[in-house]
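Read-outs throughout are calculated quantities, based only on the coordinates presented, and are distinct from any laboratory measurement. What you see is a predicted model, and the numbers here were worked out from it, not measured in a lab. Note: ideal-geometry Cβ built from the backbone for every residue, glycine included; neighbour counts use all protein chains shown.
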């Protein structure tokens, strides 16, 4: 009985050692993440109906981060906004400003053709997604 317990203990130790070795090998040899895992498109439709398209390969988790990357890439995209209770309120895109109190205009976010459910700082970025900032007014 004592011999059997000793054999089981040795087997458990060997198994634990093998698991540790394989874990170390996995961590050392796993493929490194490549920069820019998400290929997305951001479009902007202004008040005159003109549309600009921007393609971006990014690792951003949220749309605001991707927009910040796009803005610093010098491709002509820019935006401004103010922080509010529900996140950032985008007020200017590509130099075109909206003032809701003045003319009922605002920037609307669409994700893959559907009305956005989140603000730019909470909108998750997923590979292949298309984001549209559209100048709209209250009818």
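Take the Cα coordinates of region 59-105, assign each an equal point scatterer, and use the Debye formula without solvent to give log10 I(q)/I(0) at q = 0.28 Å⁻¹.
-1.09
If each DSSP helix of 4+ residues adds -39,500 (n - 2.57) and the sum is divided by the residues in the chain, what number results at 222 nm, nearest 500 deg cm²/dmol?
Value at 222 nm, helices only, nearest 500: -9500 deg cm²/dmol.
To check my understanding: the extent here is largest minus smallest coordinate of the Cα atoms along each principal axis. What are those three numbers for region 92-139, in Å, largest first?
37, 23, 16
At residue 115 and residue 50, where each label point lies 7 Å from the Cα along Cα→Cβ, what is the point-to-point distance in nanometres?
Taking the two extended label points, one gets 2.9 nm.
Could you give the distance between the Cα centres of region 37-75 and region 87-131, to the whole Å?
Centre-to-centre (Cα) distance: 11 Å.
Would you work out the Kirkwood radius for the chain? I mean one over the mean of 1/r across all pairs of different Cα atoms, in Å.
18.3 Å
Can you give me the angle between helix 63-72 and the longest principal axis of the chain, using Cα atoms only, in degrees from 0 to 90, rounded to the nearest 10?
Taking the Cα atoms of the chain, the angle to 63-72 is about 70 degrees.
Any chance you could give the angle, 0 to 90 degrees and rounded to 10, that helix 2-29 forms with the longest Cα principal axis of the chain?
So the inclination is approximately 30 degrees.
Would you mind computing, in nm to one decimal, how far apart the modelled labels at residue 61 and residue 136 are, each placed 7 Å from Cα along Cα→Cβ?
2.8 nm
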